[in-house]
Amino acid sequence: MNQQIGLTTDGSQFLTFNLGEELYGVDILRVQEIKGYTAVTKIPNTPSHIKGVLNLRGTIVPIIELRTKFSMPTIDYTAFTVIIVVVVRDKVMGLVVDAVSDVLNIDKKDIQPPPQFGAKVDVSFLNGIGKSNDKLVALLDMDRLLLDDEMQDGTKAAKAA
């Protein structure tokens, strides 16, 4: 019943999105808005995963392409490609994703800690792996995913625009 009416009692709500065949989730409280992909202004000398900046109602927002950030192959954008505008450490940023999937309620008991693959694999950007019906959702820790140096690069890019 709670899932149908959108209330959460023992867990959290996550906006889920696709990158390829994989499903990722971000805490719904971090999401400011979802907007269709529009062209961004490229900024020279930024890391490859920083697509550029976008003017969002007077605010210059750095745009991060998560496929590039996760070392996934790039694809042509489609009608489903969107920018998820999130708040990270009091800064607004945009994330380019293949498509938005759903808003899921995931009970705390259905969230497992991220697996440990050893020193060569960094999973520090994951809060955990959530289970919803028959799907596994990689739950992103936005503060760790977008590290301090990237936040500064993005802020420099925004100031240069």
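The values are calculated or read from the model by the stated rules, or taken from the named source; none is laboratory data. Everything numeric in this text was worked out from a predicted model, so none of it was measured. Every residue, glycine as well, gets a Cβ built from its backbone with ideal geometry; the counts of neighbours run over all protein chains shown. To get the accessible areas, we keep the full protein, side chains included, count just its heavy atoms, and leave off ligands, DNA and RNA. Shrake-Rupley method; radii C 1.70, N 1.55, O 1.52, S 1.80 Å.
Quick rundown of the values:
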{"read-out": "All positions within segment 29-38 that are of a type in the set (A, V, I, L, M, F, W, C) and modelled with pLDDT under 95", "value": "29"}
{"read-out": "Output for segment 63-104, where each listed residue is of a type in the set (A, V, I, L, M, F, W, C), in a strand (DSSP E or B) and touching a Gly at 6+ places or on another chain (Cβ under 8 Å)", "value": "63, 64, 82, 83, 84, 85, 86, 93, 103, 104"}
{"read-out": "Failed item, numbered, when residue 41 is tested on (1) surrounded by fewer than 18 Cβ atoms within 10 Å (Cβ to Cβ); (2) among the β-branched types (Val, Ile, Thr); (3) at pLDDT below 95", "value": "(3)"}
{"read-out": "Test: residue in segment 124-138 that is modelled with pLDDT of 90 or more, over 18 Å from residue 31 (Cβ atoms), in a strand (DSSP E or B) and of a type in the set (D, E, K, R)", "value": "yes"}
{"read-out": "Conditions (1) over 20 Å from residue 141 (Cα atoms); (2) crowded, with 17+ Cβ neighbours inside 10 Å; (3) without any contact (Cβ under 8 Å) to a residue 60 or more places away in the chain; number of the one not met by residue 46", "value": "(3)"}
{"read-out": "Some residue of segment 17-24 being closer than 23 Å to residue 129 by Cβ, in contact (Cβ under 8 Å) with a residue 12 or more places away in the chain, in contact with a His (Cβ under 9 Å, 6 or more places away or on another chain) and not aromatic (Phe, Trp, Tyr)", "value": "no"}
{"read-out": "Any hit, segment 22-30, residues being open to solvent by 30 Å² or more (accessible area, probe 1.4 Å), of a type outside the set (Phe, Trp, Tyr), outside any helix (DSSP H, G or I) and touching a helix residue (DSSP H, G or I) at 6+ places or on another chain (Cβ under 8 Å)", "value": "yes"}
{"read-out": "Evaluation of residue 151 against (1) open to solvent by 70 Å² or more (accessible area, probe 1.4 Å); (2) at pLDDT below 75 (one fails), failing number", "value": "(1)"}
{"read-out": "Residue 100 vs. criteria open to solvent by 40 Å² or more (accessible area, probe 1.4 Å), at pLDDT 95 or above and in contact with a Ser or Thr (Cβ under 9 Å, 6 or more places away or on another chain)", "value": "yes"}
{"read-out": "Filter pass, residue 88 being crowded, with 17+ Cβ neighbours inside 10 Å, in contact (Cβ under 8 Å) with a residue 40 or more places away in the chain and in contact with a helix residue (DSSP H, G or I) (Cβ under 6 Å, 6 or more places away or on another chain)", "value": "yes"}
{"read-out": "Considering residues of segment 44-72 that are under 26 Å from residue 22 (Cα atoms) and small (Gly, Ala, Ser) only, the residue modelled with the highest pLDDT", "value": "52"}
